[in-house]
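To start, the structure itself, in structure tokens.
The values are calculated or read from the model by the stated rules, or taken from the named source; none is laboratory data. Everything quoted here is computed from the prediction, not taken from an experiment. Every residue, glycine among them, receives a Cβ derived from its backbone with ideal geometry; neighbour counts consider all protein chains shown.
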Amino acid sequence: MFRVLILAALLAAAPLARACGYCVEDKMASVYDHAVVTAALGKKHQVAFFHVEGALPPGEEGGRALERLAGAASGVDPGSARASAGSASLSVAFDPRRTPVMKLQQEIERKLAARKLSLMLLQVMDRPAEFSPSVSAALKRKGL
Amino acid sequence: MKTSLKSAILPFAAVLLAACSPSSAPPAADPYDISKMDLKPVPAKVSAERHTGKFAEGAALNYGAELKPLDPSPVKTIRLDTTHKIIEIAPGVKFSAWTFGDQVPGPTVRARVGDRIKFSMTNRSDEPVPGVRMTAAPMMHSMDFHAAMVSPQDKYRSIAPGQTIEFEFTLNYPGIFMYHCGTPMILEHIASGMYGAVIVEPRNGYPTKADREYVVIQSEFYAKLDPAKQKVDGSPLYVLDGDRLRAAQPTHTVFNGSHNIMVRNPLPAKSGERVRLFVLNVGPSRTSSFHVVGTIFDRAWMDGNPDNQFRGMQTVLLGSSNSAIVEFMIPEDGSYIMVDHHFANASQGAIGLVSTAAKPPAQDLEHHNMPASATPTDPDAIAGKQAFESKCLACHSIGQGKKLGPDLAGVSKRRSKDWLARWLKEPEKMLQTDADAKALLKEYNNLPMPNQSLSDAEIKQYQKYFEWIDAQPAGAVKPAATGH
């Protein structure tokens, strides 16, 4: 219950992130991967979207470096990290039953500490808007 | 005495006249008085209740170039869902597009100042398609109406596949306004087809009466062959070329979403009629010099607002997301050629006709436009194509038979690479020593191939272009016109 309250408080505070100059949804869009989202929600996992604070290495390499670091954090679904250095955003899929989002954030931040980067939770996608069965089926066929 | 009386009365008269002069009359009401505009915010709503059925709905929507009269309702409910779809941007060029309302450009909204727009949009980019999916993966999208005065963070937020956003706003200014997807990378979303126009008429209508009204939307496409070499109905699939997009080097510049679409289907008009065109350049990166050959714009209302009026204009210059209403008379029977007078753009398809004939003769266009063709993507081949089209077309064709010199279709297969390089480098030497060169000279009435003083790099570019041509399906590449 306490975790739910913390999450609710974080989500309520999310509009504050708009002060950075990007809409929350735009930051999410830059790291939204439909295959990752569909696969995660299909197995009752969730997808967390973060704003990344700190000096990121620029360009695609910066994004890839962030993905490698976040992807190595405990609790992150393998291969699910998506990062954009341009919009300073990160998304990862995770199993909330095994790793609550707050712990997940701590785990990722531990990996990012050497680069003096920290995270601000923007939103957790915990249920599909509505995904068509055929797309899910296609993804399942691909083993995602 | 009379003189002194006059001199005494005149100053009083002047004061009285001054008091009655128009400058002292109360100022006319400002039609743009901000305090009287409707800026009442209503928060946007995002839900998981998705639309089904049609991808676009609303009495105020127009789906083609011809515009319906204004729907008089003061509240206009419109729905424009996003889809991913294969569209044909030129004959045989199937492009993986992202759309509003399942078409490119999206439907045109027609309304007037003071109208309330109630908008809703479902992100349906995830809807299943029959067969193998060749459209882009589902992604987040948004809607940015330039006609609205609202908080972008609230109304223009991106929504995930399956989500629906609803918001409303009142139209405060007349004009032709762009709408587009504003989700990062915006450049990619616009270049993939996510744009359209909102026409906002002045509260009391336009000051002139037009016989015909059409919308013309100019845009660029940046296409390359699908690296996975997928095919759509036997034609190669084209996808967005990110490198060309960032370098602002389009492969197609078109009116209303397709190369020469209004050449194939001219906009009808009759001699003596007054035509009103609503012209919008959505870019995303090029400027348009919009011109109609054979007439003069009696009125040009920049950004579509009659308060921004020019008279007797030959061209309107439209930056990305700029617009204009242009009105002109059709002086006599004929085909009046709409063209971007940046002819590099016109040659890529930004051309159309307003015609008094149902099927105008094809030669009307030959000097303005190149036929649609697939475009090479290799930088050397592109350079070779440009050089060929500017220097060689007077004497050579591609696939259209002999001119002063040979038809060069298949030349990279008829001749060895080395032979062709030597021929391009030093044709006069080849004519002295090479039997094939001598035969060519004889066949073409002793007209020698001139030495163009080409560098090795330029020769390589020509060869790359010829090789590219010969790799295309027969007849797919046609020669560009010679131009003036």
When you go through (1) under 25 Å from B:Phe95 (Cβ atoms); (2) assigned to a loop (DSSP other than H, G, I, E, B); (3) away from every other protein chain (no Cβ under 14 Å); (4) in contact (Cβ under 8 Å) with a residue 12 or more places away in the chain one by one for B:Gln218, which number turns out not to apply? (2)
Test: A:Ser74 is modelled with pLDDT of 55 or more and crowded, with 21+ Cβ neighbours inside 10 Å: no
Among (1) within 14 Å of another protein chain (Cβ to nearest Cβ); (2) free of Cβ contacts under 8 Å to residues at least 40 places away in the same chain, which single condition is A:Ser87 missing? (2)
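Let's see how each residue does on (1) touching a helix residue (DSSP H, G or I) at 6+ places or on another chain (Cβ under 6 Å); (2) at pLDDT 90 or above:
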position	(1), (2)
B:Asp436	no, yes
B:Lys442	no, no
B:Asn446	no, no
B:Met449	yes, no
B:Gln461	yes, no
B:Lys464	yes, no
B:Ile469	no, no
B:Gln472	no, no
Taking region B:221-248 only, how many residues are over 29 Å from B:His342 (Cβ atoms), touching a Pro at 6+ places or on another chain (Cβ under 9 Å) and without any contact (Cβ under 8 Å) to a residue 40 or more places away in the chain? 1
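Yes/no matrix, rows are residues, columns are (1) away from chain A (no Cβ under 14 Å); (2) without any contact (Cβ under 8 Å) to a residue 60 or more places away in the chain:
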residue	(1), (2)
B:Arg110	yes, no
B:Val113	yes, no
B:Gly131	no, yes
B:Phe145	yes, yes
B:Glu168	yes, no
B:Gly182	no, yes
B:Gly196	yes, no
Could you tell me which residue of region B:133-143 is farthest from B:Asp81 (Cα to Cα), considering only residues that are of a type outside the set (D, E, K, R), surrounded by fewer than 23 Cβ atoms within 10 Å (Cβ to Cβ) and more than 7 Å from chain A (Cβ to nearest Cβ)? B:Met134
Residue tally, condition touching a strand residue (DSSP E or B) at 6+ places or on another chain (Cβ under 8 Å) and either assigned to a loop (DSSP other than H, G, I, E, B) or within 14 Å of another protein chain (Cβ to nearest Cβ) (or both), over region B:170-179: 3
Any residue that is surrounded by 10 or more Cβ atoms within 10 Å (Cβ to Cβ), of a type in the set (Lys, Arg) and at pLDDT 75 or above - is there at least one of those in region B:29-48? yes
Checked against (1) of a type outside the set (A, V, I, L, M); (2) in a strand (DSSP E or B); (3) within 14 Å of chain A (Cβ to nearest Cβ), B:Asp126 satisfies every condition except (2)
Counting only residues that are within 27 Å of the chain's Cα centre (by Cα) and within 18 Å of B:Val109 (Cα to Cα), how many does region B:156-181 have? 12
Got a number for residues in region B:291-330 being under 21 Å from B:Ile199 (Cβ atoms) and in a loop (DSSP other than H, G, I, E, B)? 10
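Condition check ((1) within 14 Å of chain B (Cβ to nearest Cβ); (2) touching a helix residue (DSSP H, G or I) at 6+ places or on another chain (Cβ under 7 Å); (3) part of a loop (DSSP other than H, G, I, E, B); (4) under 26 Å from B:Ser142 (Cα atoms)) across all residues:
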| position | (1), (2), (3), (4) |
| --- | --- |
| A:Asp26 | yes, no, no, yes |
| A:Ala29 | yes, no, no, yes |
| A:Ala39 | yes, yes, no, yes |
| A:Phe49 | yes, yes, no, yes |
| A:Leu56 | no, yes, yes, no |
| A:Ala65 | no, no, no, no |
| A:Leu69 | no, yes, no, no |
| A:Glu107 | no, no, no, no |
| A:Leu112 | no, yes, no, no |
Name the residues in region B:154-166 that are in contact with an Asp or Glu (Cβ under 7 Å, 6 or more places away or on another chain), touching a residue at least 60 places away in the same chain (Cβ under 8 Å) and assigned to a loop (DSSP other than H, G, I, E, B), would you? B:Arg157, B:Gly162
A:Asp26 vs (1) at pLDDT 90 or above; (2) crowded, with 20+ Cβ neighbours inside 10 Å; (3) out of contact with any strand residue (DSSP E or B) (no Cβ under 6 Å at 6 or more places or on another chain): all pass except (1)
Condition broken by B:Asp333, with the remaining ones in (1) touching a strand residue (DSSP E or B) at 6+ places or on another chain (Cβ under 7 Å); (2) not in a strand (DSSP E or B) satisfied: (1)
Could you tell me whether any residue of region B:184-194 is among the β-branched types (Val, Ile, Thr) and in the same structural domain as B:Arg124 (by TED's automatic domain parsing)? yes
Within region B:405-446, count every residue that is under 20 Å from B:Lys385 (Cβ atoms) and either assigned to a loop (DSSP other than H, G, I, E, B) or more than 41 Å from the chain's Cα centre (by Cα) (or both). 7
State the number of residues belonging to region B:286-301 that are surrounded by 17 or more Cβ atoms within 10 Å (Cβ to Cβ), in contact with a Ser or Thr (Cβ under 8 Å, 6 or more places away or on another chain) and under 30 Å from B:Cys181 (Cβ atoms). 4
Quick check on region B:113-128. Is at least one of its residues over 23 Å from B:Asn172 (Cα atoms), in contact with a helix residue (DSSP H, G or I) (Cβ under 7 Å, 6 or more places away or on another chain) and not assigned by TED's automatic domain parsing to the domain that holds B:Arg276? yes
